[in-house]
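The values are calculated or read from the model by the stated rules, or taken from the named source; none is laboratory data. Being a predicted model, the structure only gives us computed values, none of them experimental. Methodologically, a virtual Cβ is constructed for each residue, glycine included, from the backbone with ideal geometry; neighbour enumeration extends over all protein chains shown. In case anyone asks, the SASA skips ligands and DNA or RNA and just uses the protein heavy atoms, side chains included. Shrake-Rupley method; radii C 1.70, N 1.55, O 1.52, S 1.80 Å.
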Amino acid sequence: MSMTQHAEPAVTSPPAPGPKEVDGRTAERPRALRLLARPEVGVFLGAAAVYVFFLIAAPPVREGAAMANILYSSSTIGIMALPVALLMIGGEFDLSAGVAVITSALTASMLSYQLTMNVWVGVIAALVVSLAIGFLNGWLVVKTGLPSFLITLGSFLILQGVNLAVTKLVTGNVATDDISTMDGFGQARKVFASSFDVGGVQVKITIVWWLVFAAIATWVLLRTKYGNWIFAVGGNKDSARAVGVPVAFTKISLFMLVGFGAWFIGMHQLFSFNTVQSGEGVGQELIFISAAVIGGCLLTGGAGSAIGPVFGAFMFGMVQQGIVYAGWNPDWFKAFLGVMLLGAVLINLWVQRTATRR
């Protein structure tokens, strides 16, 4: 008997669903990594750690008056660190920022006193001089193509020499004359160097100005076309120019913003102490730049924020005053700054690599 075999049709089961392949270029990164990508996160954590450290190491820091003093010290650094940070985001440096503060104060003081004018005339003239110095720095950088490091190093040396030579020539001394009895001094002092009471604690007006300027800078960076231009010229100026960004205007205006910051701090120093020492300001530019770097601004430009330098300046003020309140040798201050700067650079590098890792 023959048997016929009928082949059963093969039944093919669909493959089990495997993990979906995702293109790393379009995948959404975890929230933690996106948070780490924010340039101000690392410095915020660092500032919190420094604050807690000195709360433990220096008990006087816990008092309101001490904290007001720390914030005041931070504000005098922070007001200048903000425009310096914007300039760094735009891909440039200004090594003349420290002595430019003194140039501004000297201009206002000597012009007012020697010509016996209302101090507001000197204040306005100092603003014009400060903006002109910023314009010249920016114009030279744009027109020559030389690194801003070299251009502003030259400006630093010129201003340092002019500050000393002109002050000695005009006043016969290394310091300007006392202008506290001149017309308009009281009004100017209220704007630049006054204090107000908060719960029995004297708070300097510069703290308020510092926070106001930080809010404005943050809004400009994140909500305006000009903010986009700053990031663009700092990232790649040739590409920015190709898409219509006014590179020359942006860079020159950033240098002028540094000039404005120098003018404001110069006026604060003048109306706080009534006189100005012509040899001061040397070395301050490194503190301003360091506060910006600690705040997350990259040395290569194109990245950073306005909030980060606020925390960076707070760290400086906290260390500067915390060492005193702890009763330590203040000579350690620069060592602390070096450690903070090096640590900030390493943290920023780690944050960048972590945030961009797929």
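Here are the numbers:
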read-out	value
Selected residue (only one of 203, 129, 191 is within 22 Å of residue 84 (Cβ to Cβ), open to solvent by less than 60 Å² (accessible area, probe 1.4 Å) and among the aliphatic types (A, V, I, L, M))	129
Where a residue in region 321-339 is exposed (fewer than 14 other Cβ atoms within 10 Å of the Cβ) and its partner, wherever it lies, is in a helix (DSSP H, G or I), with Cβ under 8 Å and at least six apart	329/323; 330/323; 330/324; 332/323
Selection within region 108-120 - free of Cβ contacts under 8 Å to residues at least 24 places away in the same chain and either assigned to a helix (DSSP H, G or I) or open to solvent by less than 10 Å² (accessible area, probe 1.4 Å) (or both)	111
Residue within region 218-235 that is of a type in the set (S, T, N, Q), under 19 Å from residue 133 (Cα atoms) and either touching a Ser or Thr at 6+ places or on another chain (Cβ under 8 Å) or modelled with pLDDT of 95 or more (or both) present	no
Odd one out for residue 196 among (1) more than 20 Å from the chain's Cα centre (by Cα); (2) open to solvent by less than 60 Å² (accessible area, probe 1.4 Å)	(2)
When residues of region 58-105 are limited to those that are of a type in the set (D, E, K, R) and under 11 Å from residue 258 (Cβ atoms), the one surrounded by the most Cβ atoms within 10 Å (Cβ to Cβ)	94
Selected residue (criterion: nearest to residue 97 (Cα to Cα)) from residues of region 219-260 that are buried (at least 18 other Cβ atoms within 10 Å of the Cβ) and hydroxyl-bearing (Ser, Thr, Tyr)	253
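Okay, residues lined up against (1) in contact with a helix residue (DSSP H, G or I) (Cβ under 8 Å, 6 or more places away or on another chain); (2) at pLDDT 95 or above; (3) among the hydrophobic types (A, V, I, L, M, F, W, C):
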site	(1), (2), (3)
101	yes, yes, yes
112	yes, no, no
117	yes, no, yes
128	no, yes, yes
138	yes, yes, no
145	no, no, no
